[in-house]
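To start, the structure itself, in structure tokens.
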Amino acid sequence: MSKSYTPGLKILKSTILSKKRLLPLKGEVHVDKNEAISHDTIVASTKIPGNVHMVNLSKQLNVEPNGVKDLMLIEVDEKIVKGQVIAESKGFFGMFKASVKSPVDGFLLNVSDITGQATISEPALPVEIDSYIDGMVQEVFDKEGVLIQSNCAIIQGILGVGGENKGEIKVLTKTEQDEIISDMITPDLNGKIVVGGSYITLDAYRKAQKMNVSGIIVGGFNYTDLSQLLGFNLGVAITGSENLGTSLLITEGFGKIKMARRTFKLFNSLEGRYGSINGATQIRAGVIRPEVVVALDSDNEKHEEFNEDELVINVGSNVRVIRAPYFGKVGTVAELPSELLKMESETLVRVAKIKFENGEFSTVPRANLEVILQD
């Protein structure tokens, strides 16, 4: 029998999470297998080669390419600073000498007696990868990184921006319907991950940036404000590289949409714990969800393991509508009619009858639903 799989969001209060932490280039791994590590442990590091600059010594010194090496004042691999003389002609009776200065800080990579050019490399950029979450090193990938396993709570959102940050979870609103406004952002929120209800204003978010808040989690955000924040309109979302300082995670969608009650209650239960937030989002093949991960103290708690069969829509499945006119609404599948239903576009589609949180029932195309994985 065929199965219909749908996108799924994880909202789990206790699960076993395995996360790869990999370097962009091969380097050095600093931890061992089965080693216990914390969220700020540097697990691997490498150096990314700096930009390369070509300097035409032959032309500037007015000599043949094969005579350039004899005029060099520094050796290959020697460090140099911007403005330092790296080569000098012999001149005429010691006078009228021509010289060449380095255009950048770095080191001499190579001098060619074929082209007469010197290759200068800027200093290598050091890159360090931390563990992101508390846990145990499950596997070590030689010179590349590690696989970390953690007992944690995880909440995924629909969209995020701003990359990775860490901090203490702080619930700022009383209910899942309340908004975060500018006056609520105070200096004591420095370095914390702030949880709101339905919405945060652009002014409040900008103030959070100034206060060095690590992250903001709300039900919805204004699309126009997001475009203004990023400086461009967000299309097919591939985010996470924005240099915002304060990560933003939207759990429900665009506009003023109250956070799902179960999600808000889970954040309340996690208040005061240290968490990690990542706004990286990819909505296409190889879906990446923005997430908040909070490591748990006890290994004795009941864990929820991921099972792909849970992504199959069944009667009783918790779902969220991901298209208009019910966009962002959360409910439960009450019925799965076997017959196809004709839509306004004249297409015949499979549908589901959904009971929303307010008790209302509506019939929605199954393709417009997203399963919420929760314990």
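A short reminder: the numbers here are calculations on the coordinates, not readings from a lab. The model shown is predicted, which means the values in this text are computed figures rather than measured ones. Cβ atoms come from the backbone with ideal geometry, glycine included; neighbour counts cover every protein chain shown.
Couple of notes before you dig in:
- Rough spin-label spacing in nm, given labels placed 7 Å along Cα→Cβ, for SER338 and THR224: 5.0 nm
- Dipole size of the chain about its Cα centre, with +1 on Lys/Arg Cβ and -1 on Asp/Glu Cβ: approximately 880 debye, rounded to the nearest 20.
- Too-long pairs where the Cα-Cα distance tops 18 Å, listed order kept, from LYS13/LYS192; LYS258/LYS353; LYS10/LYS265; LYS265/LYS355: LYS13/LYS192; LYS258/LYS353; LYS265/LYS355
- Nearest-20 debye value, region 313-374 charge dipole, Cβ charges on Lys, Arg, Asp, Glu: 100 debye
- Percent breakdown of C-alpha pair distances by 10 Å bin, ordered from the shortest bin, for region 160-270: 16, 52, 31, 2
- Pairs of alpha carbons in region 52-121 whose separation is greater than 16 Å (percent): 39 percent
- Candidates PRO187, PRO103, PRO337: whichever shows maximal mean-square fluctuation once the chain is modelled as a Gaussian network with Cα springs under 10 Å: PRO103
- Helix 261-270 axis, angle to the chain major axis (alpha carbon atoms, nearest 10°): 60 degrees
- For the peptides 133-140, 112-119, 358-365, the ranking by packing is 133-140, 112-119, 358-365, with the highest mean count of neighbouring Cβ atoms within 10 Å listed first.
- Pairs beyond 22 Å (Cα-Cα), from LYS20/LYS207; LYS47/LYS143; LYS20/LYS166: LYS20/LYS207
- Nearest-0.05 FRET efficiency for LEU234 and ARG206, computed from C-beta distance (R0 22 Å): 0.80
- Between the residues GLY196, ASN51, ILE86, the greatest Cα displacement towards the positive end of the dipole of the chain, with unit charges on the Cβ of Lys, Arg, Asp and Glu, is found for GLY196.
- When +1 charges are put on Lys and Arg Cβ atoms and -1 charges on Asp and Glu Cβ atoms, the dipole computed for region 107-192 relative to its Cα centre reaches about 60 debye.
- Taking the helices alone, the chain has a mean residue ellipticity at 222 nm of -2500 deg cm²/dmol, built from -39,500 (n - 2.57) per DSSP H run of at least 4 residues and averaged over all its residues.
- Low-density loop positions, chymotrypsin sites (Phe, Trp or Tyr not before Pro), region 59-136 - DSSP coil, at most 14 other Cβ in 10 Å: PHE93, PHE96
- Tail beyond 28 Å, pair distance distribution of the chain (Cα, percent): 58 percent
- Column: log10 I(q)/I(0), Debye, Cα scatterers of region 313-374, q = 0.25 Å⁻¹: -1.06
- Each Cα pair under 8 Å and six or more residues apart adds its separation to the average, and for the chain the resulting relative contact order is 19 percent.
- Simple label model, 7 Å out from Cα along Cβ direction - GLU122 to GLU164, nm: 2.3 nm
- Cross-link reach is defined here as a Cα-Cα straight distance under 13 Å, omitting same-chain residues fewer than 8 places apart; for LYS90 the aspartates and glutamates meeting it are ASP70.
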